[in-house]
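What follows is a single structure, written as structure tokens, with notes after it.
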Protein chains: 2
Amino acid sequence: MNSVSIVGVGLIGTSFGLALRKAGFKGEIAGVSSPGSIKAGIEAGAITRGVSLDEAAIASDLIYLSQPIDRMLETLRTLGPLVRPGCLVTDAGSTKVAITHTAATFLPPNSFLGGHPMAGKEQRGAIAAEADLFRDRPYVLTGAGQISNSHIAEFRIYLQKIGAQIIEMTPEEHDRTVALTSHLPQLLSTALAATLAENWEGSAPQVFGPGLIDMTRLALSAPDVWMSVLETNRGPIEDALQSFESAVREVRESLRTPAVALLFERASKFASAIRDTRKK
Amino acid sequence: MNSVSIVGVGLIGTSFGLALRKAGFKGEIAGVSSPGSIKAGIEAGAITRGVSLDEAAIASDLIYLSQPIDRMLETLRTLGPLVRPGCLVTDAGSTKVAITHTAATFLPPNSFLGGHPMAGKEQRGAIAAEADLFRDRPYVLTGAGQISNSHIAEFRIYLQKIGAQIIEMTPEEHDRTVALTSHLPQLLSTALAATLAENWEGSAPQVFGPGLIDMTRLALSAPDVWMSVLETNRGPIEDALQSFESAVREVRESLRTPAVALLFERASKFASAIRDTRKK
């Protein structure tokens, strides 16, 4: 693996470039992005120069897609006829079924590995990038067992050096899981902030504690990134929302009974358990 | 105001004692609590000694109640016949209507001022106390205008020195507001964790990002404290849960339409606005 191209030089793409460098990668890392992002990516030290998607396809052993999902779907269509035999294309998208399907349709066989680094922060863009963004965070790979590509082993070693926790799943398992662990929390935070907004119309309440700040942090997310996440994972998200609606009804109906204490205990046990998962 | 008693030497009570000292209070601060809490409160430097509730009632200019709500309701009943004329009793409970009603029934006129410091942390007990716990946090006072008590002015000056942001409301306004800004977020976090627990039964998922950690922090809360909050604010909480259930349904039904982007924008605007409130 001598030459890497990062398509979409934002928070994730730039962080991946910085992490690769920190892990000792000596080859070229080029970027495919807007002029502003290329400039920021070069200044950050994550990429050495900007190239076109055509140039990236001709020169790269690894093409790392880190655009919003709708843009990646377009990129995969364009890349299809350009990709060299043996090149590994991987992505950092938050849903996997739609991307895997598009990659299977347009890319040559044995060239696509699905990926999803479960890392991020409030700020966006190359300016917020960090070499350690992926450290101790889950990095889901999908379909790794199904393809034969000589660069997969090396890519995996770099992910380990970067400190990512590799987890293998099918695209379907991934999408059902993140509907519950990522998309549901996002939509609840949004629904909570929308509910409160309706009660204050224009002015914000002053009477709140740190809990409301935690619970509305995800609601700060920009809609643009989320629209294509929601579009490409509707079924599992609708299922997750329906499960949750039942849980809220259960909470409301149990308020007058001792059952509410059991619900608190079940919830508290789960909240502790996911924190223990992280400490390991 | 020469003598203060803190009834319930936990996180809030001990922090109040430490804050009073830091603000220059030179009088005695006694504690009414379990032997373990009295020991911890003395070691922290928040109280000088442990006393009985009877002794506290005889000696104090200010009695600061910082127990769980159900315990405070009992304390108010017991305190009724013991309180000296001119003594100010105030509390730190998370709901105000039930406490105010009980105080009005059992305490002498002009002795009760409702209070709610909107501060806290995950850890509990005197050991987690901080002199600056109330700094830059809202501190709701209820009924201050309705009573004539010579210690109110001095208590208010100490709250200002402590850095608390005093907000005056009626008990009813307070309870409706915190149903939305505090009790609703708590119950959502609990319902979210319970929903996820149901989907993994025993094991926790590994595939999640920092968003799920934010959204399940409140779910860690111990049920005991919350049961009496829920019991004393059922009506407003049921209303808040119903508004929220409509919002979740709206999110689910808008997933297939462009309306979901507008919902994200409304929510994001609100989430920014409450953060701006804090910065002022």
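The values are calculated or read from the model by the stated rules, or taken from the named source; none is laboratory data. Every value quoted in this text rests on a predicted model; they were computed, and no experiment measured them. Heads up, the Cβs are rebuilt from the backbone with ideal geometry, glycines too, and the neighbour counts pull from every protein chain shown. Just so you know, the surface numbers come from the protein's heavy atoms only, side chains and all, with ligands and any DNA or RNA stripped out. Shrake-Rupley method; radii C 1.70, N 1.55, O 1.52, S 1.80 Å.
Here is how the numbers come out for the structure above:
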item	result
Computed lengthening from B:TRP200 to B:GLN160, 0.36 nm per intervening residue step minus Cα-Cα distance	9.6 nm
Fraction of the pair-distance distribution of segment A:171-254 above 18 Å, Cα-Cα pairs, percent	52
Test item: A:257-263 mean partner chain Cβ contacts at 10 Å	3
Peptide B:48-61, shielding by other chains (average Cβ, 10 Å cutoff)	0
Inter-probe distance in nm under a simple model that places probes 7 Å from Cα toward Cβ, at B:ASP239 and B:ARG266	1.9
Protein accessible surface hidden between B and A, which excludes ligands and nucleic acids, total in Å², probe 1.4 Å	8000
Share of carbon and sulfur in the accessible heavy-atom surface of the protein assembly as shown [1.4 Å probe, %]	52
Within 10 Å of each Cβ in A:171-184, the average number of Cβ atoms from other chains	4
Whole-number Å³ per residue for the convex hull built on Cα positions in segment A:46-195	127
Table column - 3J(HN,Hα) (Hz), segment A:203-216, Karplus curve with 6.51, -1.76, 1.60, x for Gly and Pro	9, 9, x, 9, 8, 7, x, x, x, 5, 5, 4, 6, 10
Accessible surface of B:MET169 - all protein chains present, 1.4 Å probe, nearest 10 Å²	30
Subset of B:LYS22/B:LYS121; A:LYS121/B:LYS269; B:LYS26/B:LYS161; B:LYS39/B:LYS96 violating a 22 Å alpha-carbon distance limit	B:LYS39/B:LYS96
Sequence of B:PHE112, A:PHE106 when ordered by accessible area, the most exposed leading, probe 1.4 angstrom	A:PHE106, B:PHE112
Residues with amide H under 5 Å from that of B:GLY114, placed H, sequence gap 5 or more	B:THR142
Ranked order, A:GLU250, B:GLU74 - accessible area, probe 1.4 Å, largest first	B:GLU74, A:GLU250
Per-residue SASA entry for A:TRP226, accessible area with 1.4 Å probe, Å² rounded to 10	40
Amide proton proximity set for B:ILE166, modelled H, under 5 Å, gap of 5+	B:TYR139
Rounded to whole Hz, the Karplus (6.51, -1.76, 1.60) HN-Hα couplings of segment A:218-227, x for glycine and proline	5, 5, 6, 3, 6, x, 4, 5, 6, 4
Pairwise Cα inverse-distance average, inverted: Kirkwood Rh of the protein assembly as shown (Å)	25.9
Residue-count net charge about A:LEU255 - beta-carbon cut-off 13 Å; Lys, Arg +1, Asp, Glu -1	-1
Whole-Hz couplings from phi, Karplus 6.51/-1.76/1.60, listed for segment A:97-110; x for Gly and Pro	5, 5, 5, 4, 5, 5, 5, 5, 6, 10, 8, x, x, 6
Accessible surface, 1.4 Å probe, highest first, among residues B:THR142, A:THR277	A:THR277, B:THR142
Projected label distance in nm at A:SER150 and A:ARG135, using a 7 Å step from Cα toward the beta-carbon	3.4
Peptides ranked, highest mean first, by Cβ atoms within 10 Å: ranges B:45-52, B:181-188	B:181-188, B:45-52
